[in-house]
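The values are calculated or read from the model by the stated rules, or taken from the named source; none is laboratory data. Remember, predicted model here, so these are calculated numbers, not experimental data. So basically every Cβ, Gly included, is an ideal-geometry build from the backbone, and we count neighbours across all protein chains shown. Quick note on the areas: whole protein, heavy atoms, side chains included, nothing else; ligands and nucleic acids left out. Shrake-Rupley method; radii C 1.70, N 1.55, O 1.52, S 1.80 Å.
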Amino acid sequence: MVQSLDEAYELLAQDRNNVILGGLLWIKMGRKQYQTGIDLSGLGLNAISETEDSIHIGCMTTLRQMEISPLLLQWFGPLFSDAFKGIVGVQFRNLATLGGSVYSRFGFSDVITALTALDTQVRLYRAGVVTLSKFLNMDQKRDILEKVIIKKQVTQTSFQTLRKSATDFSILSVATSLCKGNWKIAAGARPSMAILAENAAGLLSPEPDEKTIKAALDRVVNELSFGTDQRAGAGYRKLLAGVLVKRGIEAICR
Amino acid sequence: MQITCRINNREFIREIEPDLLLIDFVRSLGFKSVKRGCDTSNCGLCTVWVDEKPVLSCSVLAARVNHRIVTTLEGLEEEAKAVGRFLAKEGAEQCGFCSPGLIMNILAMKKEFKTPTTDDIKQYLAGNLCRCSGYESQLRAIEKYFDLEGKNQ
Ligand SMILES: Cc1cc2nc3c(=O)[nH]c(=O)nc-3n(C[C@H](O)[C@H](O)[C@H](O)COP(=O)(O)OP(=O)(O)OC[C@H]3O[C@@H](n4cnc5c(N)ncnc54)[C@H](O)[C@@H]3O)c2cc1C
Ligand code: FES
Ligand code: FES
């Protein structure tokens, strides 16, 4: 267990086989052998706190902590509980960390889809504070994700997903949000990583009528790319995107 | 490395390998209710509590329970028996391999919910796989258990 982030980074830089330990869940699945596991548990990075204008979530915060946090519920509605409830089980989510879930940049990640629909930044030890989308597209240099920072503004949200069974990976996940009249539509598990459908969201007014919603849905499926993997084909995902985005928008308008 | 922890109200000080998993640690100390049912952190059979929260002991390093409190089914005998009776009555215990993990999670749920809905139950227990029961009998048993517990409060 390290005493500071400086010490953690020093260890990380020392040897390619040293590794930051999040909740261990993904690391454990692999066959790779590691030299030293770097444990950030002692650095107080396992809490959700607020400042004047943002919410800070330390990298060692568990998915379950976020799911039941009154603070996150107050600002962002049930976004995180709806997004995380299908991730394996409560015992798993008591271990899985936010840092491990974001840093691993999984295409299927429900966590990244949810965060993409908010005004989210990440703080890295070396690269400093960058927006989530910049982080997701950055060269994968070895770094430490210290915390996630979300702008504190009351946001209406909805999370929609389709899974083959209750706790399987999402075939497609969609997070929709409305904040101060501005919509965000994030789609993940396409099967590649979550991105915003900015053009489609731009078409929507704060209280869109059916025609506007229809236009936005047409735009979503043209604006985003969808791929094929073992879970579903690109064509199916494209159809599904229309359905899930529609449900998301309607859930917020209701 | 050396760790100190409390398991089921007994203190243990042990020399361990840094990569030892909690499941193998507690089993080596004789707490054999804790079972391994998968390689992918997916089945819930290995559920124990660390500081009262249910976790998958197959995915926790023993080193991380240093100075913490671990509870296994052996430490909750009375409560476990009560749940077990409901499971047995509904025919939900078939091979029984999944029971220790399931009961640990039911008892964890009881600390968070007084009167859970069917959906609450399904959601909280979704990470506990059972290959025999088809879940219906388990669900009946758990609903009856919480009904009675609700009335007793
Ligand atoms: C069976 C299974 C099913 C899953 N299903 C879903 C699902 O349906 N939806 C979903 O969204 N996710 C799913 N996941 C992913 C899961 O939610 C976690 O995101 C994942 O397990 C990683 O979290 P962790 O804390 O265990 O990280 P670890 O496994 O400990 O780490 C993962 C990687 O991140 C690195 N890392 C960890 N913390 C940091 C940090 N602070 N800074 C830099 N690097 C760091 C580690 O070095 C490692 O390379 C699933 C995982 C498993 C194993
Ligand atoms: S042994 Fe299957 S989840 Fe731990
Ligand atoms: S009773 Fe056999 S696995 Fe559940």
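The table that follows gives values for the structure above.
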| item | result |
| --- | --- |
| Whole-Å semi-axes of the protein assembly as shown's equivalent ellipsoid (Cα gyration tensor) | 36, 28, 19 |
| Cross-link partners of residue A:147 among lysines (Cα-Cα below 28 Å; sequence separation of 8 or more within a chain) | A:28, A:32, A:85, A:134, A:180, A:184, B:53 |
| Gain upon complete extension [residue A:1, residue A:218; 0.36 nm per residue less C-alpha separation] | 73.0 nm |
| Kirkwood Rh, Cα atoms: Rg over Rh of region A:43-151 | 0.93 |
| Drop in accessible area of at least 40 Å² in the complex versus isolated chain, residues of region B:1-44, 1.4 Å probe | B:41 |
| Computed log₁₀ I(q)/I(0) - Debye formula, equal Cα scatterers, no solvent, region A:123-213, q 0.15, 0.16, 0.21, 0.22 Å⁻¹ | -0.78, -0.87, -1.16, -1.19 |
| Whole-number accessible area per residue in Å² for chain A, which is evaluated in the context of all protein chains at 1.4 Å | 46 Å² |
| Portion, in percent, of the accessible area of the protein assembly as shown that falls on carbon or sulfur, probe 1.4 Å | 49 percent |
| The protein assembly as shown - mean residue ellipticity at 222 nm from DSSP helices (-39,500 (n - 2.57) per run, n ≥ 4, rounded to 500) | -10500 deg cm²/dmol |
| Residues residue A:17 and residue B:11, FRET efficiency given R0 of 51 Å [Cβ-Cβ distance, rounded to 0.05] | 0.90 |
| Total accessible surface hidden between A and B, rounded to 100 Å², 1.4 Å probe | 1800 Å² |
| Amide H contacts under 5 Å for residue B:21, placed H, 5+ residues apart | B:62 |
| Average other protein chain Cβ within 10 Å of Cβ, residues B:117-130 | 3 |
| Cα convex hull volume per residue for region B:76-151 (Å³) | 80 Å³ |
| Charge context of residue A:210, other residues only, Cβ under 12 angstrom, K/R +1, D/E -1 | 0 |
| Å³ per residue enclosed by the Cα convex hull of chain B | 104 Å³ |
| Angle in degrees between helix A:5-14 and the longest Cα principal axis of chain A, rounded to the nearest 10 | 80 degrees |
| Cα-based helix-to-principal-axis angle, A:234-253 vs chain A, degrees rounded to 10 | 80 degrees |
| Mean accessible surface per residue for chain B, computed with a 1.4 Å probe while every protein chain stays in place, in Å² | 50 Å² |
| Added length on full extension, which subtracts the Cα-Cα distance from 0.36 nm per residue, residue A:53 to residue A:10 | 12.3 nm |
| Sequence-separation-based contact order of region A:113-254, relative, with Cα cut under 8 Å and 6+ spacing, percent | 22 percent |
| Mean projection area, nm², convex hull over Cα of region B:2-74 | 4.3 nm² |
| Helix B:77-89 vs. chain B, principal-axis angle (Cα, 0 to 90°, nearest 10) | 40 degrees |
| Sequence-distant residues sharing a close amide H with residue A:20 (under 5 Å, placed H) | A:38 |
